[in-house]
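For reference, the structure discussed in these notes is given below.
The values are calculated or read from the model by the stated rules, or taken from the named source; none is laboratory data. Keep in mind the model is a prediction, meaning the values are calculated, not measured. Here the Cβ is made from the backbone with ideal geometry for all residues, glycine too, and neighbour counts use every protein chain on show.
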Amino acid sequence: MEISPFLIEIAHDYNPYIKYVAFNDLTYLKDRPLGIAWQKNPQVYVIEIDRERLICPHQVLFALYHELGHIMQWHLGYRHFLGARSYQEEEADTWAFREMGIIDEHGQARVQNETCYRCLKVRSKVCLRP
């Protein structure tokens, strides 16, 4: 596991209770996520990102913002178990896209971000830029 001070600094702008953001191999998890956020206790959060499966810095930042979206929208804890997981994933994606400025207030990809939006949405394994 490798701690990322740069990503921790971004995360702390949203929630000072995030203990660390780290790069870690997550292939051992059943659904093979690109990132996970979990709550160690009521006031300590952790984010881990599987950097080896991401192809560009945009994907790393999107994974961070997606996991921040789960924390900021209270998807962890009791709501995580009671809510519809696919809805929470879509909600976290939308939150991340908005915070990164990839989509506008109407949920539409900004023209200059259309390629990255498509890439991030489908979790592409190759860069889609022409």
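The condition of being within 15 Å of the chain's Cα centre (by Cα), surrounded by 12 or more Cβ atoms within 10 Å (Cβ to Cβ) and not in a helix (DSSP H, G or I) holds for only one of HIS70, HIS66, HIS75, HIS58, that being HIS75.
Within region 105-130, the set of residues being among the charged types (D, E, K, R) and exposed (fewer than 13 other Cβ atoms within 10 Å of the Cβ) comprises GLU105, ARG118, LYS125, ARG129. Against the conditions (1) in contact with a Ser or Thr (Cβ under 9 Å, 6 or more places away or on another chain); (2) without any contact (Cβ under 8 Å) to a residue 40 or more places away in the chain, where does HIS12 fall short? Just the number, please. It fails just one condition, (1). Scanning region 18-30 turns up no residue that is assigned to a loop (DSSP other than H, G, I, E, B), on the phi > 0 side of the Ramachandran plot and modelled with pLDDT under 95.
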